[in-house]
């Protein structure tokens, strides 16, 4: 149920409910003079205030680009101007689209960025959670605190791999995606959230500790990254959308 589609607007390519996933490069070095200013100009007042507090400058630039891309993609998907995209937050702090007058907003979204990669997910069915994580092997690092987040089955699975950290990151992206889809924040007992799949599988129906069932899919990712998506509507098909580097999105903005 995982497809690659080159169209930015999936509404024309797929009928019914679906989830669209897209990867973007947010390497600040790719941006010409003025493009970061254009990206910053797309953000609302709250986003600009938050960006101003971020350090160092490279981290701030990535954050600005990630949220500007999010706004452009949502505006294109909804058929609105970027400044007409409004956000609200749930009681747990999860950002959602502000519902239009007279009806509940049927579109949900989620973003994650790590290193120079942004992952954006949009769905027309249920809620979506995404996570992308960069990983670098380092045999000298103390990983023991990370293993404490794993169930016994997960810990055994990780230990069976030559690169235990890469294996851990694979599981962590699934856990993070599930938590973000549920929108309740990180649970106190992460080992209870077991996200193992059948050997060789990249997609599975998993059950959260509260009994909720979610579809979780491992996504084909850039080298050095792992990524996953979780959906509260298990029947929603998942489509990966090809995208240009984010820098090209802002070169024509006023």
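Read-outs throughout are calculated quantities, based only on the coordinates presented, and are distinct from any laboratory measurement. Bear in mind that the values here come from a model prediction, so they are computed numbers and not experimental data. Here the Cβ positions follow ideal geometry from the backbone for every residue, glycine too, while neighbour counts run over all protein chains shown.
Among 92, 239, the order by Cβ neighbours within 10 angstrom, fewest to most, reads 92, 239. Restricting to DSSP H runs of at least four residues, report the calculated mean residue ellipticity at 222 nm for the chain, -39500 (n - 2.57) per run over all residues, nearest 500 deg cm²/dmol. Result for the chain, helices only: -8500 deg cm²/dmol. Relative to the dominant Cα principal axis of the chain, helix 57-78 is inclined by about 70°.
If you take the Cα atoms of the range 70-188, find Rg, then find the Kirkwood Rh from the mean of 1/r over all pairs, what is Rg/Rh?
Reported Rg/Rh (Cα atoms, Kirkwood Rh): 1.07.
Using Cα pairs under 8 angstrom and six or more residues apart, how large is the relative contact order of the range 122-247, in percent?
On the way: 197 pairs, mean separation 41.3, N = 126.
Value for the range 122-247: 33 percent.
When peptides 210-220, 191-201 are sorted by average Cβ neighbour count within 10 Å, with the highest value leading, the order is 210-220, 191-201. Ellipsoid semi-axes for the range 129-232, based on the Cα gyration tensor and the rule √(5λ), read 21, 16, 13 Å when sorted largest first. When each of the peptides 126-134, 164-172 is scored by how many other beta carbons lie within 10 Å of its residues on average, the order from highest to lowest is 126-134, 164-172.
By DSSP, what percent of the beta bridges with both residues in the chain are antiparallel, rounded to the nearest 5? Show your work: numbers first, answer last.
Values: 33 of 41 bridges.
Around 80 percent antiparallel, to the nearest 5.
Where in the range 111-137 does the amide nitrogen come within less than 15 Å of the point 7 Å from the Cα of residue 210, taken along Cα to Cβ? Only 127-129 fall inside the zone, counting backbone N under 15 Å.
Rounded to the nearest 10 degrees, the inclination of helix 164-182 to the longest alpha-carbon principal axis of the chain is 60 degrees. Normalised by the number of residues in the chain, the mean separation of alpha-carbon contacts (under 8 Å, six or more apart) gives a relative contact order of 28 percent. Cβ crowding within 10 Å ranks 27, 46 as 46, 27, fewest other Cβ atoms first. Extension gain, residue 89 to residue 48: 0.36 nm times the residue separation minus the Cα-Cα distance gives 13.1 nm.
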